[in-house]
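In what follows, a single structure is set out as structure tokens and then discussed.
Here, each number is a calculation from the coordinates, and none is a lab measurement. This structure is a prediction, so every number in the text was calculated from the model and none was measured. Cβ atoms come from the backbone with ideal geometry, glycine included; neighbour counts cover every protein chain shown.
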Amino acid sequence: MRAKGGGHLLPHPLVAALAAFVLVSNNVGSTFADPYVYSSPPPPTSHHKSPPPVYSYRSPPPPPYPLPQPRERVVKVVGKVYCYRCYDFDNPLNSHDKKHLQGAVVKVTCKVGEKKIVAYGTTKINGKFSIEVEGFEYGKYGAEACKAKLHNAPKDSPCNIPIDYHEGKTGDVLELRSEDDHEVVLYAKPFAFAPESPYEECHHKHEAKSPLYHYNSPPPPAPTYYYKSPPPTYYYKSPPPPKPVSYFNPPPPHA
């Protein structure tokens, strides 16, 4: 029998033994690893790490502020002051010649618990005054907590004696005139000053003038009356009946 590697013939038993040795060597090599062979460790597993978040400073929330308190409404006191030039101290009902008085000072006093709020105002050329009472809570105390009175007469005015017209000397309780969300208007009745002596014009007696003559034309004459008789009664006249129509029938012909 001839071997594959060379050209020599080997006995059959030797070939069988050589083949068995090669087979055993391969099995042993596969069972025991070579101690000098270097085995590198596996590569590390790669993990993608995102960059750290950007640092942003957050300020603490502001402290809670108290809600704004509702603003108290403005309270005003309005009214008028007159001068009675012809004032009769003995019989005030006979007084007359009342004029607007400019420059008179009016005092307003509002009672707030145990305290009082006082305000002053001066009349204008039309005799009117408007006084703002600061710090008075109308919704809590109402108009009845306030009074108005005359305080001073105009400087160098002969009309300088306060009279008790609508309690102008002692003080008159105010009345509500109008109110809204922003303003309350209280009303004082008219006050008045009077001169110590009536004005000169009060002593002049005006002579009564005779009334002018007015011609009254006579009334126009009454129109002449014409009697109109009623129309005659209407009678219906029917038309005459038609004349009868006669028809002539000729005799029948002879047979």
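Here each label is just a point 7 Å from Cα along the line to Cβ, and for Y141 and C86 those points are 4.3 nm apart. Positive end of the dipole of the range 76-160 (Cβ unit charges, origin at the Cα centre): among H100, Y87, I117, the Cα lying farthest that way belongs to I117. Listed cross-link partners K115/K189; K80/K149; K98/K147; K128/K189; K115/K147 are compared with a 21 Å cut-off, the Cα-Cα value being larger for K115/K189; K98/K147. P(r) tail, the range 76-200: Cα-Cα pairs separated by more than 26 Å, 23% of all pairs. Summary of packing: across the peptides 80-91, 55-66, 125-136, the per-residue average of other C-beta atoms within 10 Å ranks them, highest first, as 80-91, 125-136, 55-66.
Please say if the range 61-129 is rounded, prolate or oblate, where rounded means a/c under 1.5 for a ≥ b ≥ c the square roots of the C-alpha gyration tensor eigenvalues, and otherwise the choice is prolate for a/b larger than b/c and oblate otherwise?
prolate
Straight-line reach from K140: taking Cα to Cα under 18 Å and skipping same-chain neighbours fewer than 8 places apart, the aspartates and glutamates in range are E72, E114, E132, E175, E179, D180, D181, E183. Extending 7 Å from Cα along the Cβ direction at K99 and again at E114 yields two label points whose distance is 4.9 nm.
Counting Lys and Arg as +1 and Asp and Glu as -1 over every other residue whose Cβ lies under 12 Å from the Cβ of A194, the net charge comes to 0.
As a proxy for reagent exposure, ranking E144, E137 by other Cβ atoms within 10 Å from fewest up yields E144, E137.
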